[in-house]
1. Could you say which residue among 25, 9, 55 is free of Cβ contacts under 8 Å to residues at least 24 places away in the same chain and surrounded by 15 or more Cβ atoms within 10 Å (Cβ to Cβ)?
2. Take the range 4-59 and flag every residue that is touching a helix residue (DSSP H, G or I) at 6+ places or on another chain (Cβ under 6 Å) and in a strand (DSSP E or B).
3. Out of all the residues in the range 75-103, which are surrounded by fewer than 13 Cβ atoms within 10 Å (Cβ to Cβ), under 22 Å from residue 5 (Cβ atoms) and out of contact with any helix residue (DSSP H, G or I) (no Cβ under 9 Å at 6 or more places or on another chain)?
């Protein structure tokens, strides 16, 4: 029996969510991009309507991991999908099954919402994570590349014409 619990995040978890997102950003060498505050998470995860959902891993009364996701939509299947934005477990808590428990938790949400798929991105250098995802049956979409407009370029495009 695992000595942790995966549960829906609550507003009182926002400080831990912000802390763990910053830790994830440091791990991914993207700390300069992690500007979200505890208040931002409270507004986006628990506002009306929420922009995303979150779960936390609680071990002995301490939040040691997070999963954040939102729904997208597939025109090909005409059904919702679940997009995993972030999953992070503190390094010293890894190997206990928390990561797989997060994915199982999100998969259950996806199935109950009638989702046709669950997607996420992984940095190409993160071989440990890629092996973990493959062990669950995930398949890399090597023919696709992620495209992004950051806040500055998004604003510029919105102002055109």
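1. On the way: 9 fails: free of Cβ contacts under 8 Å to residues at least 24 places away in the same chain; 55 fails: free of Cβ contacts under 8 Å to residues at least 24 places away in the same chain.
Just one listed residue meets the conditions, 25.
2. 6, 54, 55, 56, 57
3. Those that are surrounded by fewer than 13 Cβ atoms within 10 Å (Cβ to Cβ), under 22 Å from residue 5 (Cβ atoms) and out of contact with any helix residue (DSSP H, G or I) (no Cβ under 9 Å at 6 or more places or on another chain): 92, 95.
Where a number appears in this text, it was derived from the coordinates with a stated rule and is not lab data. These numbers come from a predicted model, not from an experiment. With ideal geometry, Cβ positions are generated from the backbone for all residues, glycine too; neighbour counts draw on all protein chains shown.
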